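Just below is one structure, and these are the notes that go with it.
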């Protein structure tokens, strides 16, 4: 498929499935937490693993840059941050994906731009061994680390960013929205996804056709679909995030 045809297809989709995005304005009194989904080397750093980009990728690079800026603001304001780190047992496969992000490996670590979060008191990091971070937060005793985090901090909103928009981010958002609707996450009200701080991977059709058992995954198209699906599930989608100080 030529680039002109690909662009036309995506442009048509966005016209048929328009994505309404808002601007998020936060004050010092906003009870909000930031959730980082898998902003780790294994998904973001060029050449870092089977699911990492093979060459520099603009969408992923911009997501990491925006995430680092936002995380710094949240830390400066001492607002809670919850970070998921994909981390797998080498003996437990996760089909249909190839081996990736083994526990203790560099792949499973935060990208260099976010490594500093490991020393911040307002940051909770959670290793997860599945796509959906909400499920990955479950403990053997029936408790849920993410639910406890929301309740402990009395959060009324969570702002979700990370990778992949249409996979781990979308699955997590869907579970959180369902849990909120059931009253499991009280006092949580708003589940927000920041489009500019999300990204997904790129696997064009012509490449996928050369890899047995692989399906195409055009980046811009799947990013849009992921955000559109999130909004359809009840998440708020925002394209800008800013803070203001109340007088």
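Nothing in this text is a laboratory measurement; each read-out follows from the coordinates by a stated rule. Owing to the predicted nature of the structure, the values given are computational and were not obtained by experimental measurement. FYI the Cβ positions are ideal-geometry reconstructions off the backbone, even for glycines, and counts take in every protein chain you see.
Comparing 91, 190, 38 in a Gaussian network model of the chain where C-alpha atoms under 10 Å apart are linked, the largest mean-square fluctuation is found at 91.
For the chain, the longest principal axis of the alpha carbon atoms and the long axis of helix 3-16 meet at an angle near 40°. For 206, 228, 194, 97, the sequence from fewest to most other C-beta atoms within 10 Å is 206, 97, 228, 194.
Taking the longest Cα principal axis of the chain as reference, the axis of helix 170-181 is set at about 30 degrees.
Of the residues 72, 231, the one with the fewest other Cβ atoms within 10 Å heads the list, and the complete ranking is 72, 231.
Note on the chain: with a GNM built from Cα contacts shorter than 10 Å, the maximum mean-square fluctuation among 237, 169, 215 falls on 215. Evaluated on region 22-244, the Kirkwood hydrodynamic radius is 17.6 Å, with distances taken between all distinct Cα atoms.
Just checking the listed ones, 84, 172, 43: in the Gaussian network model of the chain with Cα springs under 10 Å, the one fluctuating most is 172.
Mind pulling the angle between the C-alpha long axis of helix 58-76 and the longest principal axis of the chain? Nearest 10 degrees, somewhere in 0 to 90. The angle comes out at about 10 degrees.
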